[in-house]
Amino acid sequence: MAEFAVILFHSTSHAVYAERVLRRAGLAVKMIPTPRHLSSDCGSAVRIAASDQAASLEALGAAGVVFDRVERLG
């Protein structure tokens with residue numbers, strides 16, 4: 001089973017912007033509903049491969065994207 005990481009946001013607009021930034025950086029990304037056991041703040045999250053976490057956070061930081069936290073899923 002592949003390992004994934006989910007990036008959580010405080011707003012859907014930040015999640016949408018993050019998805020765009022990560023796609024432009026050449027990373028595989030998928031917008032998903034936020035798993036309820038992780039947060040009830042925002043309804044959207046971004047799923048990435050766990051192996052892409054460092055590159056994703058670097059791309060988001062360079063673009064000034066605000067996110068809440070990253071959670072790994074097995």
Exercise for the section: Count, please, the residues in the range 19-56 that happen to be over 11 Å from the mean Cα position of the chain (by Cα), at pLDDT below 90 and among the hydroxyl-bearing types (Ser, Thr, Tyr). Expected result: 2
Exercise for the section: Please enumerate the residues belonging to the range 28-56 that are in a helix (DSSP H, G or I) and without any contact (Cβ under 8 Å) to a residue 24 or more places away in the chain. Expected result: 54
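Every residue, every condition in (1) more than 9 Å from the chain's Cα centre (by Cα); (2) assigned to a helix (DSSP H, G or I); (3) exposed (fewer than 13 other Cβ atoms within 10 Å of the Cβ); (4) aliphatic (A, V, I, L, M), yes or no:
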site	(1), (2), (3), (4)
14	yes, yes, no, no
17	yes, yes, no, no
58	yes, yes, yes, no
65	yes, no, no, yes
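The values are calculated or read from the model by the stated rules, or taken from the named source; none is laboratory data. Quantities reported herein were computed from a predicted structural model and do not represent experimental measurements. Don't worry about glycine lacking a Cβ; one is built from the backbone with ideal geometry, like all the others, and counts go over all protein chains shown.
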